[in-house]
Structure formats: C-alpha cells, structure tokens
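A short write-up of the structure that comes next.
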Amino acid sequence: MSKLPGNAGVSVLGDKSLEFYRDPVSFCRQRVEKHHSRVFQCRILNRPTAFICSVQGMRELLCDKSNLFIKDPTDLMTNMYGDTVVTTNGEEACLLRLSLTSLFSGSCLESSSDYITRVCERCLKDLSMSSQPECAYSAFKRLGTELVLGLFLNVRAEEQPELYQEIAQLCTQHWHGLISAPVNVKVPMWSSGFSTALDARDKLMEIIKDKLENEKHGFVGTLASLPLPKSSSASQHLLLFISALIPKALASLLTSFTLALCGNKQMCQRAVEDPDYLHNVLLEVQRLWPPFIGGRRIADQDATLAGFLVPKNHGVIYISHSIHRDPEVFHEPDSFLPERWSGGNAGQEHLLCSFGNGPRGCIGTKLTDVFLKEACMYLLKHYNWCLDPPSQDLEYKWLPVSRPINTPTVSFSRLDQSKSDRSHSS
Ligand code: HEM
C-alpha cells in the first residue's frame, strides 16, 4: 500500500479549490503528468482530497468499496435542495432510492414516453425556421426545461404559458444561487445571488406543495402517494428534479451530440438507420463530454484505492473527464470513435461514470436514455446541420455543467424539403 502522490498542503493557505474550479481539466492533467499517476492528492475545500482519474480507482470507489466512502451531508446541494437522497447516507439513502427508482422505471417510465415524443417534436420542429443560425445549446435547454416541468409538475408550456414562464424563471434564479457564494446578504436595493436564490426556492416550494396536494395524476400524483421517510421528502425531491441542473445536463449532451456529428453525413445516416450505432454514438458523446465533472465522497475509515492509502476523513473526488480518457482502457482516448463500443470496448459501458456508477449511480439514467434517443432521432430524421459560421471556437468549460464556452451557432436545414421553411421565412 503506497502513500498518495502529491501534497495535501497546509490548512487554508495550501488550498487549491480556486485553481481547480477555474480549469478542472488542466488541473488534473498537469498533476497526472507530474506524478505519473492517475490517483493523487491535494487540498480542496480545505480538506486533503484524493483525486481519482483512473477507471480502476473509480470502480473501487463507486462499486467495490462504496460502503467505505460516504456522501458529504454538508454539501452545498443540501443548502439549496434540503435533505434529498443526493446527500443522504446509509439505510435512509437505500430506502429513498428504492421508492424513487420506481418513478423512473417500468410503467412510470413507459407512461412518460408519449410526452417525451411530443415535447421533442414541439421544441425541435422549428430549428430551421429562422433566417439566422440557431444557438444550439439554448434551444436544447428550452427543450430540457419543457421536459422536466411537463413531466414532473404537469406544467406544459403550451397549456399554461404564464405559469410555465414563472417557474422556469424561478428555477434559473434558484440555480444561480447554487453556483454563487453561499452568503445570505440582503440590503435595500441589492440582494446577493444566494439570497435571491433562497427566495426563488421558497416560491418554488409553494408551487410544488400546491401541486402535490391537488394533482392526482402523472409523476407528481405518484410521488405524493409514495411511502417516503419524511413529510418534506416529496417536495424536496421535486425541487431537485425540476431544478435547472437536469435541463442543463441534457442540453450539454445534445449540444455535444450535435457538434460531434456536424457535417458528418455518413455518421448521421448510420445512426438514423441503426439503433445500436446511435447507442454507441451516445456512449462516445458522454465519454468525451460528460455533463458533470464528477462527484465527491468522504472516507469513512482508512481505505485503499488503486493501491494507495486514503486515510479516514480524506475527501475523494472522481473526475469523469479524466477517467473516460484513461489510456489503460480507452485506446486513442481523445478520439471520437463510436466503433470502439462494438470493438475493443464492447460490453464495457459500466466503465463510464457520466451518470455515476454502482449503488449510488444516477436514478434518472433510463429516462435520460429514452429522452436523448428520441431527441437525437428527431434531429437525424428531420435535419442536416452544420456550424454557421464554419469556424468557431469550440473550447469547453467543465463547471458547473460542461458546454462550449461560447455557445456554438448551428444552421439546421430540413431533409424533407416539402416542409421547408427557410425559404418561406426569408
Ligand atoms: C443528462 C442527465 C443526467 C446526468 C448527466 C446525471 C448525472 C448524475 C451523476 C454523475 C450522479 C452521481 C453523483 C455522484 O456520484 O455523487 C447522479 C446521481 C443522481 N441523479 Fe442524475 N443525472 C442526469 C439526469 C437525472 C435525472 C433525469 C434525474 C431524475 C429526475 C436524476 C436524478 C439523480 C439522483 C436522485 C441522483 C442521486 C442518487 C444517489 O445519490 O443515490 N438524474 N446523476
């Protein structure tokens, strides 16, 4: 058993959080190169922290030894969303997961599929209407927002436009608080982002509680009837599910998909004809551009990860971006090669961690999979697309949710010219 490479630094002065938040990918790349190791340590959030950038380390952390590492109950997520499964541990987390998982599988998932089809058509049908190229990320975020508010709260943009707009705006304010410093300051004429976010959260909670009391059908009706440990559990989870986090993650993946296939007619053709190939394209999209940089745990006792000692109370962060480019597992790790998933990496989806992994993996993966395939299939069946202008800076930012720093503009042209619109609109 070896000591973790790197320096855990002295309290406060040795903290590297700012450097990490500024550019997490370069932060990890530099240290992996310096230490010749995909597992290393430094001080983050003023706590000695092990960084996991290898597939083996991730599998041990999230699967084989997951019982030795706990979620941090003081995480900022708790501040913004209250007690949810995300920051809960032990038996309570197991029970919550058991109840909530039923909402995202089986008949509940099946009953969502009509709405998913309709919302994709509604939001994607006009992508070629404007004479200007589309800001792809924004269009996909609107789609993601319509999806979550319609599905989880029965609020549909076309039926209740004012209420829909109000909730969407509150979700955005709430989100901005999550990423602003948690300083609850309010003075006349000015309030910090965090305090605006808390106000937005209170207003959202009122709307959510009203829905839980009065709506008997759909997701919100089923959630209200679930046996959950606390009376506030249903509303707090609903707040989490409708938060801007999920539409942003969905928009991130759809944007990366659009960019990866931009102008590649052969790949588009294959993906529209062969569902297995589309599946592999989407695996490759989430491998190279995971929406979230990773996740964090705390060592509950002394443990080892990839042969290194991780002392009790050390933080542990797994970095999806680096794990997905581990050359031990992924040949030509930086190249977009959907074929790898039917070749050298066939059957190895479980080595990805865009949706976490193991017993605390994402409970929304099946729903996300259904949604993404529907949205991507709609795009493939109805459009050709290309970057417009053809040369754009596509450099990514990775926090808080990954996407190109400058949102790319894309021209969509309809494949079915009889329904063509660009000519009508111009
Ligand atoms: C593109 C979409 C999504 C991505 C990339 C994503 C990603 C993730 C990741 C990485 C984790 C694990 C975090 C960790 O290890 O600490 C996670 C957990 C979770 N996700 Fe998702 N997720 C997505 C969509 C959803 C949806 C649609 C829902 C439900 C509406 C959802 C609900 C959850 C919950 C409740 C957890 C916590 C599970 C636990 O702690 O036991 N996610 N997700």
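Structure data summary
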{"item": "Single residue of L367, L309, L380 found to be buried (at least 19 other Cβ atoms within 10 Å of the Cβ), more than 16 Å from the ligand (Cβ to nearest atom) and not in a loop (DSSP other than H, G, I, E, B)", "result": "L380"}
{"item": "Only listed residue being among the acidic types (D, E), farther than 30 Å from A50 by Cβ and in contact with a helix residue (DSSP H, G or I) (Cβ under 9 Å, 6 or more places away or on another chain), chosen from D334, D326, D276, D300", "result": "D276"}
{"item": "Qualifying residue in segment 301-309 (condition: over 22 Å from the mean Cα position of the chain (by Cα), acidic (D, E) and at pLDDT 95 or above)", "result": "yes"}
{"item": "Long-range neighbours under 8 Å by Cβ, at least six apart or interchain, first residue modelled with pLDDT of 95 or more and of a type in the set (G, A, S) within segment 356-368, second in a loop (DSSP other than H, G, I, E, B) and within 6 Å of the ligand (Cβ to nearest atom)", "result": "G356/C362; G361/F355; G364/F355"}
{"item": "Answer from L394, L387 - the residue that is in contact (Cβ under 8 Å) with a residue 12 or more places away in the chain, away from the ligand (no atom under 16 Å from the Cβ) and surrounded by fewer than 16 Cβ atoms within 10 Å (Cβ to Cβ)", "result": "L394"}
{"item": "Enumeration of residues in segment 326-356 that are of a type in the set (D, E), over 22 Å from L62 (Cβ atoms) and not in a loop (DSSP other than H, G, I, E, B)", "result": "E339"}
{"item": "Qualifying residue in segment 106-118 (condition: of a type in the set (S, T, N, Q) and within 14 Å of the ligand (Cβ to nearest atom))", "result": "yes"}
{"item": "Looking only at segment 242-291, and only at residues there that are touching a residue at least 24 places away in the same chain (Cβ under 8 Å) and not in a helix (DSSP H, G or I), the one that is farthest from the ligand (Cβ to nearest atom)", "result": "G263"}
{"item": "Yes/no for V86 being more than 29 Å from R201 (Cα to Cα) and hydrophobic (A, V, I, L, M, F, W, C)", "result": "no"}
{"item": "Candidate set from segment 247-291 (those that are at pLDDT 95 or above and of a type in the set (K, R)); member that is nearest to P408 (Cα to Cα)", "result": "K248"}
{"item": "Helices (runs of 4 or more DSSP H) (entirely within segment 1-68) containing at least 2 residues that are aliphatic (A, V, I, L, M) and either without any contact (Cβ under 8 Å) to a residue 40 or more places away in the chain or in contact with a helix residue (DSSP H, G or I) (Cβ under 6 Å, 6 or more places away or on another chain) (or both)", "result": "55-59"}
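The values are calculated or read from the model by the stated rules, or taken from the named source; none is laboratory data. Nothing here was measured: the structure is a model prediction, and the numbers come from that model. Cβ coordinates were reconstructed from backbone atoms using ideal geometry, including for glycine residues, and neighbour counts include every protein chain displayed.
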